[in-house]
Amino acid sequence: MLEIRRDYLRLVWILMLLFALVGATARSQNPSSHENPDEKIGRLLDRLVSAPSDTCGGPWSADLDPGGIEQSILEESSNLFLQQLNQGAADLISASNRATGALDEIKAQSAKMNAAWPNESQFHYELLSIPPALVLKVGIGTHERYFDFGIPTKDDMGKPNRQWQRVGEDNLELDRPAPRVWIELFPLHRGPSGNPRFLASIGFTGCAGSSGLLYDAREWNPDDVVGFSQIIEQKGAKGMDEDFKGGRPSVKEPFAPIGRLQAKGSTVELPYCWFSAVDTWDNPSMCALDRYDLSGDKVKFRSRSYNRPDLLPIVKAIEYATTHDFPAVRGYCASDDVARRIMEAVPPFYFSGDLQVVRERSDRERVTMGSPDPDEFEIEKHESGWQIVKFTPGTD
């Protein structure tokens, strides 16, 4: 029995030694497990030396994922920033100076290691100070992200807290990572409570074509353990030639965007477009301008204006017809009969192709979509807005 026990202990000792050796080997092969954030960033920057500045460019390497490396650099930059915030005095000015000093070193390192890249593609950052919070935007290559930092009143256990924490980050939820992402940050008007607010305008696109758009507004209450709360979210798109500088629709530009981004003062204005049934190519035709009131502690939606209110009922009726929502379709039609005819004729996917709008009088238009035998909509302007008064389905 004694010999069996000795053999058992010897076996346990051998297994423990093997596990220790395997762990040491794994750590040597994965140095990131014990590296500081600045060391990790340096190693990641070194891997990008031979990579193109544009993840959609070339040449590509089977064992190199520039987009994934760039995302890792941005994440580690956030970790480095937080580490430095808590390295000394916790006051906002001292802490932010320490943290940005560390990022300046990364910026200089990138300028040297990625010298072949354009300046705007090298590592860069922007710090938005909205006391008592900080919002950090970091970017490299074709990717940008933002992270929020603050000192919550209490920690996760409900005890008094004096440490800086990451209390939020961007919320770009896509089916797959976008090859290109860019961000603009804007401070926003504070309500009576004085809680810091900001707006992130996030653009993203593939390697060609139009781009997506996300307006993401946040507010932080240091006494709230959930971090920055979202107070406005608006998704949209931008065409390849749209810049939201404003302007009224004209004969030459029938689908010009409406309004411009306004983030100053107690009223916020957010312009955007979206893809719809009246598009004739890879460019969103319908655009809107949303207005929000930030004067109170609760953000209030105020109004929505359209670049083409005359075509809105057609766009909405087709959108709801594809989901077989009769009450919603009926809301944009003058009668049940018109709504039923649209419901019967609209396929699951609708693309106008050839769109023609003929104004018959100031309050009446005839719209045809498709060719050579198009669908025909007749719309009229009433006190409540434009409505579809007649629909004649075509064969195309």
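Just one of D216, D224 is touching a Ser or Thr at 6+ places or on another chain (Cβ under 9 Å), closer than 24 Å to I151 by Cα, not aromatic (F, W, Y) and not in a strand (DSSP E or B); which is it?
After applying the criteria, what remains is D224.
Among the strands (runs of 3 or more DSSP E) lying completely within region 118-198, list those that include at least 2 residues that are without any contact (Cβ under 8 Å) to a residue 40 or more places away in the chain.
Because the criterion is at least 2 residues that are without any contact (Cβ under 8 Å) to a residue 40 or more places away in the chain, the strands (runs of 3 or more DSSP E) in region 118-198 that meet it are 124-130, 180-187.
Name the residue, out of R190, R218, R197, that is surrounded by fewer than 17 Cβ atoms within 10 Å (Cβ to Cβ), within 28 Å of D156 (Cβ to Cβ) and either modelled with pLDDT of 95 or more or in contact with a Leu (Cβ under 8 Å, 6 or more places away or on another chain) (or both).
R190
Kindly indicate whether D216 is acidic (D, E) and farther than 25 Å from E126 by Cα.
no
T368: outside the structural domain of L270 (by TED's automatic domain parsing) and more than 27 Å from E233 (Cβ to Cβ), yes or no?
Criteria met by T368.
Given the residues S305, S295, which is the only one that is outside any loop (DSSP other than H, G, I, E, B), among the small types (G, A, S) and in contact (Cβ under 8 Å) with a residue 40 or more places away in the chain?
Going through S305, S295 in turn, the sole match is S305.
Here's the yes/no breakdown for (1) surrounded by fewer than 17 Cβ atoms within 10 Å (Cβ to Cβ); (2) outside the structural domain of S193 (by TED's automatic domain parsing); (3) hydroxyl-bearing (S, T, Y):
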site: Y292; (1), (2), (3): no, no, yes
site: E319; (1), (2), (3): no, yes, no
site: R330; (1), (2), (3): no, yes, no
site: C333; (1), (2), (3): no, yes, no
site: P348; (1), (2), (3): yes, yes, no
site: R361; (1), (2), (3): yes, yes, no
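Residues of region 170-187 being among the acidic types (D, E) and surrounded by fewer than 16 Cβ atoms within 10 Å (Cβ to Cβ), which ones?
Hits for region 170-187 are E173, D175, E184.
May I ask you to list the residues in region 231-260 that are loosely packed, with under 14 Cβ neighbours inside 10 Å and at pLDDT 85 or above?
E233, K235 - these are the residues of region 231-260 that are loosely packed, with under 14 Cβ neighbours inside 10 Å and at pLDDT 85 or above.
Of the residues A288, A263, A277, which is of a type in the set (G, A, S), within 26 Å of the chain's Cα centre (by Cα) and at pLDDT below 95?
Sole residue among the options that is of a type in the set (G, A, S), within 26 Å of the chain's Cα centre (by Cα) and at pLDDT below 95: A277.
The values are calculated or read from the model by the stated rules, or taken from the named source; none is laboratory data. Just so it is clear, the structure is predicted and the values come from calculations on it, not from any experiment. As a convention, Cβ positions derive from the backbone with ideal geometry for all residues, glycine included, and neighbour counts pool all protein chains shown.
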